[in-house]
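Here's the structure we're looking at; comments come further down.
The values are calculated or read from the model by the stated rules, or taken from the named source; none is laboratory data. Keep in mind the model is a prediction, meaning the values are calculated, not measured. With ideal geometry, Cβ positions are generated from the backbone for all residues, glycine too; neighbour counts draw on all protein chains shown. The area values use the complete protein model at the heavy-atom level, side chains included, leaving out ligands, DNA and RNA. Shrake-Rupley method; radii C 1.70, N 1.55, O 1.52, S 1.80 Å.
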Amino acid sequence: MAAERIDGKTIAREYRARVAEGVAKFKQEAGRPPGLFVVLVGDDPASAVYVGKKEKAAAEVGMHSGIVRLPGDASREDVLTRLEEIGSDPAIDGILVQLPLPSHLDTDEIQRAVPALKDVDGFHPQNAGRLLLGQEGGFVACTPAGVMVMLEHCGIDLRGLEAVIVGRSNIVGKPLAQLMLAKHATVTICHSRTRDLAGVCRRADVLVACTGVPGLIRGEHIKPGAVVIDVGINPISDPEQARDLLAGQPRRLERFEKRKSALVGDVHFGEALEKASFITPVPGGVGPMTVALLLGNALEAAWRAHRRPRN
Ligand code: NDP
């Protein structure tokens, strides 16, 4: 039987509606909207699109939102100075720096310059550390947090389940492992040096792919009835690859022929559909959840700022 598709767009829309209600309540109590600002360095077109989407989504739920744009050749000092300015602005509760940064900037250093209390991306070492230690009061990275919301929405109780995460990045794989562990899953993390990837993946009751490798996970990696979460968002333009990865999706293949490009996940969707119980599509799966959770984190940052005693 074909897997049930997890509709990330609908789950994200519902989540954003709840955030919008929270924003209205916050405005009433605090007399101001929550503020979310994105820092964009350079003019990478994909980053510009993502940043635009985040700002629009924040404005749609009633937040005070904005983009701080810096030129691609901005110096380390320029970026740090701007971050300090917005970091100390009481009208701005959440700040995120759009990645990737130009190569002359040290990403770790720039991310550390976002005050932990405003780090709605959850990348600051203080927030990553709190997650690792299971401490309340930090911010959790939006994509893994979004995956957890999706699983909960589908009524999947992780207690005792085997979860296999393919990918160990700081922004997806590692924080997701902590979140799943906290929900009592038995968690295995795979990466590029894992031996017998298919064999390890076949143990999974819940299999998450976050590698950036189009179609890495095939039918042979999936235990019948597993829940498959595909975090990857990968542009492809090779017709042969498209015919392979979009097999069984005639409309998407047709669109590929017209546009000469498509976005695919890390999972071969057609093969996974035949074996999984639940599956997230790409696009329209995990992607929309990331922005929704960002808004949730920004609202939470605003409440925390409002409740913090002033001296
Ligand atoms: P990174 O490149 O930072 O990490 C990729 C991970 O995958 C690494 O741990 C790497 O292993 C592992 N990996 C790569 N190739 C293989 C392989 N052949 N077998 C097993 N493991 C492999 O990627 P990100 O975590 O930043 O992103 C992953 C994907 O998720 C991308 O497609 C990205 O676009 C997407 N993404 C989607 C988001 C969303 O909102 N839906 C948000 C963020 C990312 P190693 O450590 O050994 O190198």
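Of all positions in segment 44-60, at least one carries a residue that is touching a Pro at 6+ places or on another chain (Cβ under 9 Å), part of a helix (DSSP H, G or I) and either at pLDDT 95 or above or open to solvent by 10 Å² or more (accessible area, probe 1.4 Å) (or both).
Per-residue answers, yes or no, for (1) touching a residue at least 40 places away in the same chain (Cβ under 8 Å); (2) hydroxyl-bearing (Ser, Thr, Tyr); (3) away from the ligand (no atom under 15 Å from the Cβ):
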| site | (1), (2), (3) |
| --- | --- |
| Leu181 | no, no, yes |
| Ser192 | no, yes, no |
| Val200 | no, no, no |
| Val206 | yes, no, yes |
| Gly212 | yes, no, no |
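Please name all residue pairs, on different chains or six or more residues apart, with Cβ atoms under 8 Å, provided the first residue is in segment 148-173 and is within 15 Å of the ligand (Cβ to nearest atom) and the second residue is hydroxyl-bearing (Ser, Thr, Tyr) and part of a helix (DSSP H, G or I). Taking only residues 6 or more apart or on different chains, the pairs are Val149/Tyr15; Ile171/Thr143; Val172/Thr143. If you check Ile222 against the conditions, is it closer than 21 Å to Ala177 by Cα and either in contact with a Lys or Arg (Cβ under 7 Å, 6 or more places away or on another chain) or buried (at least 22 other Cβ atoms within 10 Å of the Cβ) (or both)? Yes, satisfied.
The single condition among (1) within 16 Å of the ligand (Cβ to nearest atom); (2) within 22 Å of His153 (Cβ to Cβ); (3) not in a strand (DSSP E or B) that Val228 does not satisfy is (3).
Scanning segment 76-104 for residues that are within 24 Å of Val291 (Cβ to Cβ), touching a helix residue (DSSP H, G or I) at 6+ places or on another chain (Cβ under 9 Å) and either modelled with pLDDT under 95 or not in a helix (DSSP H, G or I) (or both) gives Ile92, Asp93, Gly94, Ile95, Leu96, Val97, Gln98, Leu99, Pro100, Leu101. Apart from one condition, Gly42 fits all of (1) closer than 25 Å to Arg112 by Cβ; (2) free of Cβ contacts under 8 Å to residues at least 40 places away in the same chain; (3) over 19 Å from the mean Cα position of the chain (by Cα); the exception is (2).
Could you tell me whether segment 286-297 includes any residue that is over 27 Å from Arg16 (Cβ atoms), within 16 Å of the ligand (Cβ to nearest atom), touching a strand residue (DSSP E or B) at 6+ places or on another chain (Cβ under 8 Å) and not polar (S, T, N, Q)?
If we filter segment 286-297 for residues that are over 27 Å from Arg16 (Cβ atoms), which is where we start, we get none.
Taking every residue of segment 286-297 in turn, none turns out to be over 27 Å from Arg16 (Cβ atoms), within 16 Å of the ligand (Cβ to nearest atom), touching a strand residue (DSSP E or B) at 6+ places or on another chain (Cβ under 8 Å) and not polar (S, T, N, Q).
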